[in-house]
Amino acid sequence: MADPRQHARTQVQRAPGDAIAWVILAEAELDAGDPIAGERAARRALQLRPGEPEALARLGRAQSMLGRADDAVLSLSQAAQAAPGHPGIAVWLGHALEDVRRGEEAAQAFAHAHRLLPDEAMVAAYLLAARRRLCDWRDVDTLSAQVRDAVRGGRASVEPFAFLSEDSTPAEQLQCARLRASMVGAGIRPMAPVERASRRDGPVRLGFLSNGFGAHPTGLLTVAMFEALRSRDGIEAHVFALNPDDGSGVRRRIAAATRLHDVAHRPHRVVAERIRAERIDVLFDLRGWGGGGTPEVLAMRPAPVQVNWLAYPGTSGAPWIDYVLADRTVLPPSLAPHFGEAVAYLPHCFQPSDTARPLPPPPSREACGLPARGVVFCCFNNSYKLNAASMSRAFEVLRDVDGSVLWLLSGPGRADERLRDAASGAGIDPSRLVFMPKQPHPDYLARLQLADLFLDTNPYNAHTTASDALWAGCPVLTRPGETFASRVAASLVTALGIDDLRVADDAAFVRRAIELGRDPGALAAVRARVAAARARSPLFDMDGFAASLAAVAVQMAQRWREGAPPAGLDA
């Protein structure tokens, strides 16, 4: 396969005064994961043709990839002003505006792109996701139907991560992921296969690839597991950090527990070559189709065995991913036919947790804007999970539990105002919705101790948030659905051993929440059970988790060394 970068470099050598040739080179460098070279080429194009919108757009993309979000917004705004009829630039501007938390303007940019291309499902998907983040439910059913229809028909490669928030079927999620994998894989030149004879002896080397190794949900979930994994004989753990060092305590702990390789802002092939050079046997992709991941690196096949785990709660649909790491609650055997990977089962919960998280004393209810009395229901899920159906279910609970409030994480833009309007429309006093601004993690855990019951959402559950709530002693009530993303909270409470927090349907969800809200003794008893289970359940046993992960990874590596294909495994 020809290297697009090399072709583009040849073209600029032949015509160094051609601004568009430099734009094409900038695009090729960015697609290869090299924002530094991409920015350099875009600036050269602007020197040759000042104000060229295509060059400004690539400059903005490069700045965004380098984490210079304000610069990216300025460059892409200039590009959009110069080319108001360009939908692609409008989409890139929308993403850049989201990065600087200007969500309302971002949605306007996506809406503009959708007006330009109303039949393009990928653009509709961007607008749909933006409106979900803003709790702006105008036309979301129409947009969702357009996106789901295009996915079923194989006509659009939409973002699989955003697609998890739709009421999609497991089969649709697999189709969505396969479409995206096909698009990514088409432009990738794989590395030469690893020779089996070269990996017969020595420890099993595990690699972990993510952009979340720091004060990020991925880092917070995995750090204690890495510390426990350090003591496993015959295992070497290597972390490949796509994000720069954020100076956090979590990053320092991960670096102390593993061999950490900083590959931030490096081209995809350089990252893949680094993984190959470290002789990784089993590579865990801890980002998948989530934002900031590098599926291109995985598509190059730097490791002989590659695993989808943790951050993307669904199938990768990618031929370069061999296994998905799961448990039998989150991915029951009935769901396995809708996964492109072989399923490797852990014995309890697939999600680790930081058991060194401090629990500072809680502040007063008054300091958090909570009433002095009354049940505090909470849902600190991201705003895009708070869809109309889940909020309607929560409003039913508030309606039948006098004096209760619903404590929510403050959302972007006018999301809080829209949720209050929705409450009012449901006959609920909007003052009964209390919003918490984003807090440093220890402060957030302190506040969680004031909440009486966490009301989960569907079809996208609480994941890290549910783990935090249970660690703080707050019960999580959940109704598992048919997809991986809708079953994570059920996996957590099942591993904790509190099965009655997992209910069968929405009616049971509302009924159970009302029962607990009206019975202080029953609610206190559930909270006591959660607190007691924290010390003895496998959910927070990271030594046991590390042992199970190591055992299943050794099986994966051994099967490959013996020439056997991936197959279902149990730790």
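The values are calculated or read from the model by the stated rules, or taken from the named source; none is laboratory data. Remember, predicted model here, so these are calculated numbers, not experimental data. Glycine also receives a Cβ, built like all others from the backbone with ideal geometry; neighbour counts cover every protein chain displayed.
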Of the conditions (1) out of contact with any Gly (no Cβ under 8 Å at 6 or more places or on another chain); (2) without any contact (Cβ under 8 Å) to a residue 40 or more places away in the chain; (3) assigned to a loop (DSSP other than H, G, I, E, B), the single one that residue 371 does not satisfy is (1)
Being more than 24 Å from residue 217 (Cα to Cα) and touching an Asp or Glu at 6+ places or on another chain (Cβ under 8 Å) is the filter here, so list the residues in segment 271-303 that pass it.
302, 303
Here's a check for you: in segment 84-120, which residue that is touching a Pro at 6+ places or on another chain (Cβ under 9 Å) and acidic (Asp, Glu) is nearest to residue 153 (Cα to Cα)?
120
Please work out which one of (1) surrounded by fewer than 24 Cβ atoms within 10 Å (Cβ to Cβ); (2) under 26 Å from residue 354 (Cα atoms); (3) modelled with pLDDT under 95 is the condition residue 311 fails and give its number.
(1)
Return yes or no: is residue 389 touching a residue at least 12 places away in the same chain (Cβ under 8 Å) and not assigned by TED's automatic domain parsing to the domain that holds residue 420?
no
Selection from segment 46-79 of residues that are more than 19 Å from residue 19 (Cα to Cα), crowded, with 20+ Cβ neighbours inside 10 Å and among the hydrophobic types (A, V, I, L, M, F, W, C):
72, 73
Filtering segment 141-161 down to residues that are in contact (Cβ under 8 Å) with a residue 60 or more places away in the chain and touching a helix residue (DSSP H, G or I) at 6+ places or on another chain (Cβ under 8 Å), which residue is surrounded by the most Cβ atoms within 10 Å (Cβ to Cβ)?
160
Give the number of residues within segment 430-485 that are in contact with a Pro (Cβ under 7 Å, 6 or more places away or on another chain), over 27 Å from residue 525 (Cβ atoms) and of a type in the set (Gly, Ala, Ser).
2
If I ask for residues that are closer than 30 Å to residue 5 by Cα and part of a loop (DSSP other than H, G, I, E, B), which ones from segment 188-220 would you list?
188, 189, 190, 191, 192, 193, 194, 195, 211, 212, 213
Among residues belonging to segment 33-45 that are crowded, with 21+ Cβ neighbours inside 10 Å and out of contact with any Phe, Trp or Tyr (no Cβ under 6 Å at 6 or more places or on another chain), point out the one that is nearest to residue 86 (Cα to Cα).
42
Sole residue being outside any helix (DSSP H, G or I) and touching a Pro at 6+ places or on another chain (Cβ under 6 Å), chosen from 67, 33
33
Every residue in segment 263-298 that is among the aromatic types (Phe, Trp, Tyr) and within 21 Å of residue 552 (Cα to Cα), please.
284
Look through segment 512-558, keep the residues that are of a type in the set (Lys, Arg) and touching a residue at least 24 places away in the same chain (Cβ under 8 Å), and return whichever of them is nearest to residue 374 (Cα to Cα).
518
Test residue 82 against the stated conditions and say whether it is farther than 30 Å from residue 173 by Cβ, over 20 Å from the mean Cα position of the chain (by Cα), touching a residue at least 12 places away in the same chain (Cβ under 8 Å) and surrounded by fewer than 24 Cβ atoms within 10 Å (Cβ to Cβ).
yes
Could you list, in sequence order, the residues of segment 199-210 that are under 22 Å from residue 308 (Cβ atoms) and surrounded by fewer than 23 Cβ atoms within 10 Å (Cβ to Cβ)?
199, 204, 205
Residue 504 being touching a residue at least 24 places away in the same chain (Cβ under 8 Å), surrounded by 13 or more Cβ atoms within 10 Å (Cβ to Cβ) and in the same structural domain as residue 465 (by TED's automatic domain parsing):
no
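Residues to consider are 223, 250, 239, 270; find the one that is in a helix (DSSP H, G or I) and under 19 Å from residue 325 (Cβ atoms).
Residue meeting the stated conditions: 223.
Let's see how each residue does on (1) assigned by TED's automatic domain parsing to the domain that holds residue 323; (2) part of a helix (DSSP H, G or I); (3) farther than 17 Å from residue 474 by Cβ:
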site	(1), (2), (3)
523	no, yes, no
527	no, yes, no
531	no, yes, no
534	no, yes, no
551	yes, yes, yes
555	yes, yes, yes
559	yes, yes, yes
563	yes, no, yes
566	yes, no, yes
Is there a residue in segment 262-281 that is more than 30 Å from residue 541 (Cα to Cα), surrounded by fewer than 22 Cβ atoms within 10 Å (Cβ to Cβ) and among the acidic types (Asp, Glu)?
yes
